[in-house]
Amino acid sequence: MTRSSKIFRYVGKRLLQGVPIIIAIVVINFFLLNLAEGDAVDVLAGEAGSATPEYMEQLRKRFGLDQPLPVQLMVYLKNVLSLDLGYSFRHEMPVNALIFDRFAATGLLMTSTIILAVGFGILLGLLAAMRLNTWKDNIITVFALITYATPLFWVGLMMIVVFSLNLGWFPTSGMTNVAAFYEGWDYVVDVSRHLVLPTITLSLFYLALYTRMMRASMLEQYGQDYVVTARAKGLTERRITYVHVLRNALLPVVTMAGVQVGALIGGSVIVESVFAWPGLGMLAFESLFARDLNLLLGIFLLSSMLVVAVNLIVDIIYCFLDPRIEVN
Amino acid sequence: MADFWRRYRRNRAAVFGLVVIILIIIMALTASLFYPNDPFRLMGKPLSGPLTNGFLLGSDSLGRDVASGIVHGAKTSLLIGFVATIVSVFIGIFFGAFAGYFGGRVDDSLMRVTEIFQTIPSFIFAILLVAIMKPSIGSIVIAIAVVSWPGVARLVRGEFLALKNREFVQACHTLGMSDFRIMLREILPNCLSPIIVVGSLMVATAILIESGLAFLGLGDPNIMSWGFLIGAGRTMLRSAWWVCTFPGVAILITVLAINLIGEGLNDALNPRLKERQ
């Protein structure tokens, strides 16, 4: 069998492995929904102000809430699989429409964060490993220690105090300047200016993490036999570092970047609510205040699926990066 | 014990962390001595800056004393951090021990469950759990424990897998000891050191999660906490930077100290375990 068809089969197998996880998450979601006080009819009745018990009974029948739990679970599974995540009574919109509305903003924030964190993490880690135990290495280590211990929302608020309120370099919140109706290039510049502080805030922790991983990974690779061989061959240290060691050292960092996506989504809830960035995290924050459980569960479900998808993608990238990995 | 202390002492940063944590614990225990009033009570002019109007660290928009809030909030953070960690370590040991010891189908099914909990974005899951159970100390502890046990489970499973075929365990089987007794009395004590190290680092994470929840308005409404102070002060950021700043510094110092202790414990207890997540 050729390698490409092997990879194809591997992707199929990994996709199948993702299915039970997704079903389990849907089931957890269903039970959380049932754990909460009151059902959709109570919410509706509360919104309407008054409802007779008979009317509520009728509504329950219509929504299928009088059915036994396993039947309800099956209906719920069917709904989720057809991308029907229920109805948000606060926004008077279907949950999936709301979520897809906000998805782009979160996607933008997460992409820029990953690029910044992985890119600079690799750079700083490389620097620390090459200047081992000098002041540069020590500064990077101390920076990582402090970043590990700082709460994300506090970093965001302090960024606002320093860079928005005192220095006035960047706007405090939002994604665009609401007063100005920018178009074309001006719009891009406006969004990028709004993007700077949230991105830095969200990426600091991961930057520290990847820096430390990259440093450790580089040091581990330097001790390998192939480095001795390369030296014996008479290659320059430069070439050994950039061509041989660096490429191998990157692998664990890539894996870690995939693993961290779930945590990144959690972090974006905090960062988006600090900077009023109009993405999924902000939506989750709003739904918390509005007690809009349907919406919150929808966001939770979607982000879990996102993690499953990203893990799959990272596994596939990994196959291409490292041909030694057995795909079957 | 003396040997342990000698090795721990060699890491000076860890000793520093230990001193800081002891000071914070003393601060939490003597909170009512220095600030006998309820931290939610109005103590004077609102939005006073640090060192003005008799406030050491200023007051917030309602005239509550920030310093009092920090001192009383220390209790909440430490308590939730420790209790949540203990609960999740217990869940993790339970899952990991059974999976590692029995292997086969038990291992498969328990690890599948662990994998699912590891895939779920943990902070959003914690938010959801607290929102559904209504915010209280109990629900926050449960939420943090539910999202943080999988790491312990994997660690314990690995240790049990490595230890279960050792000679001393086989000897126990020959003596006719029950599985449960072997797990609890023979294998578990042998893998306590990595559990202690991971547990100490989990306390730090738990404090961070708790502060994040409180910041989003999911703290126990009757109990002062650092995250709550920051969340309450954020709207006043422009006019009163101190309300948000000082509680954040408190979180930073506490979590940093615990992380340093964790690294010191790691050096002292098991030189094998180098990786920390």
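All of the numbers you see were taken from the coordinates with simple rules; none came from a lab. Note that this is a predicted model, so its numbers are computed, not measured. Using ideal geometry, Cβ is built from the backbone for each residue, glycine included, and neighbour counts are taken over all protein chains shown.
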- [ ] Quick one: which residues, 5+ away or cross-chain, put their amide H under 5 Å from the amide H of B:Thr52? H built at 1.01 Å from N.
- [x] B:Gly58
- [ ] Report the percentage of all Cα-Cα pairs in chain A whose separation exceeds 29 Å, rounded to a whole percent.
- [x] 54
- [ ] Can you tell me the relative contact order of the stretch B:168-264? Whole percent, Cα pairs under 8 Å, sequence separation 6 or more.
- [x] 26
TODO: For each of A:Glu183, A:Glu237, A:Glu272, count neighbouring Cβ atoms within 10 Å of the residue's Cβ, then give the residues from fewest to most.
DONE: A:Glu183, A:Glu237, A:Glu272
TODO: May I have the extent of the alpha carbons of chain B along their three principal axes, as whole Å values ordered from largest to smallest?
DONE: 74, 45, 28
- [ ] With a point put 7 Å past each Cα toward its Cβ, work out how far A:Phe31 is from A:Val162 in nm, to one decimal.
- [x] 4.5
Open item on the list: Given R₀ = 45 Å, what would the calculated FRET efficiency be for A:Leu73 paired with A:Ile317, taking r from the Cβ atoms and rounding to 0.05?
Closed with: 0.80
Open item on the list: About the Cα centre, and with charges only on the beta carbon of Lys, Arg (+1) and Asp, Glu (-1), how big is the dipole of the protein assembly as shown? Nearest 20 debye, please.
Closed with: 2020
Open item on the list: Averaging the inverse of every distinct alpha carbon separation and then flipping it gives the Kirkwood radius. What is it for the stretch A:240-285, in angstrom units?
Closed with: 12.5
Open item on the list: Name the residue from A:Ala257, A:Val228, A:Val161 whose Cα lies farthest towards the positive end of the charge dipole of the stretch A:101-321, charges +1 on Cβ of Lys and Arg and -1 on Cβ of Asp and Glu.
Closed with: A:Val228
Task: Test item: Cα-centred dipole of chain A, Lys/Arg +1 and Asp/Glu -1 on Cβ, debye - done: 1760
Open item on the list: Please rank A:Tyr222, A:Tyr148, fewest neighbouring Cβ atoms within 10 Å first, as an exposure proxy.
Closed with: A:Tyr222, A:Tyr148
Task: Rough spin-label spacing in nm, given labels placed 7 Å along Cα→Cβ, for A:Tyr226 and B:Asn37 - done: 6.8
Task: Positive-end residue of A:Asn248, A:Trp185, A:Met305, charge dipole of the stretch A:101-321 with Cβ unit charges - done: A:Asn248
- [ ] Could you check which residue among A:Val162, A:Val26, A:Val307 shows the biggest mean-square fluctuation in a GNM of chain A with a 10 Å Cα cutoff?
- [x] A:Val162
- [ ] Please state the charge dipole magnitude for chain B, taken about the Cα centre, from unit charges on C-beta atoms (+1 on K and R, -1 on D and E), reported in debye and rounded to the nearest 20.
- [x] 340
TODO: From the P(r) of the protein assembly as shown, can you give the percent of Cα pairs sitting at distances over 50 Å?
DONE: 13
Task: Spin-label pair B:Met1/A:Arg60, simplified geometry with 7 Å Cα→Cβ offset, distance in nm - done: 6.1
- [ ] Sort A:Met110, A:Met130, B:Met202 so that the residue with the fewest other Cβ atoms within 10 Å of its own Cβ comes first and the one with the most comes last.
- [x] A:Met130, A:Met110, B:Met202
Open item on the list: Per residue of the stretch A:159-167, what does 6.51 cos²θ - 1.76 cosθ + 1.60 with θ = phi - 60° give for ³J(HN,Hα)? Whole Hz please, x for Gly and Pro, Karplus curve as stated.
Closed with: 4, 4, 4, 7, 8, 9, 6, 7, 8
Task: Full-extension gain in nm, A:Ala309 to A:Phe289, via 0.36 nm per residue minus C-alpha separation - done: 4.3 nm
Task: For the stretch B:198-206, Karplus couplings with θ = phi - 60° (6.51, -1.76, 1.60), whole Hz, Gly/Pro x - done: 4, x, 5, 6, 5, 4, 4, 4, 4
Open item on the list: In whole Hz and in residue order, list the ³J(HN,Hα) couplings for the stretch A:188-193 that follow from phi through the Karplus curve 6.51 cos²θ - 1.76 cosθ + 1.60, θ = phi - 60°; x for Gly and Pro.
Closed with: 4, 4, 4, 5, 4, 5
Open item on the list: If amide hydrogens are placed 1.01 Å from N in the peptide plane, which non-local residues have theirs closer than 5 Å to the one on B:Ser61?
Closed with: B:Leu47
TODO: Return the aspartates and glutamates within reach of A:Lys61: Cα separation strictly under 14 angstrom, same-chain partners fewer than 8 residues apart disregarded; answer none if there are no such residues.
DONE: A:Asp39, A:Asp42
